[in-house]
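Below: one structure, written as structure tokens.
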């Protein structure tokens, strides 16, 4: 397999693991925050102030008026075609982090987080083998 392993390879893999684990923690925090908001609050209608449907990307942005301020909410394009300025949209509001969201609109970030978690766990074994080769410790197989 690999005859010579340098320290740079080990450091790159350690950096990858650190970044992957950090993104996984962020995705987990987003998931738990959304679940907590959904269970502790109720859905409310908000007036649509502005709509930006982006056909080249898979999401659109809707601005709603909330307490005299305009808040941006990311939605999918299928819902964007059904909305109009001055109409209403039903959203959840997270008071802790001050943002609005639609239930189920953040599935991509969960998939990304769990994918990176699996990348993190599978590189652990490979990194351990590289560290053994770097130190000159023979691989113990039973």
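Computed from the coordinates by the stated procedures, all read-outs in this text should not be read as laboratory data. Just so it is clear, the model here is predicted, and its values are computed rather than measured. Don't worry about glycine lacking a Cβ; one is built from the backbone with ideal geometry, like all the others, and counts go over all protein chains shown.
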request  = Could you calculate the contour length gain from residue 99 to residue 10, that is, 0.36 nm times the residue separation minus the distance between their Cα atoms, to one decimal place in nm?
outcome  = 28.1 nm
ask   = So how far apart, in nm, are the two label points at residue 18 and residue 132 if each is 7 Å from Cα heading toward Cβ?
value = 2.5 nm
inquiry  = Rg over Rh of region 44-102, using C-alpha atoms and the Kirkwood radius, what does it come to?
reply    = 0.95
query = For the pair residue 67 and residue 90, how long in nm is the line joining their label points, each one 7 Å along Cα→Cβ?
reply = 2.4 nm
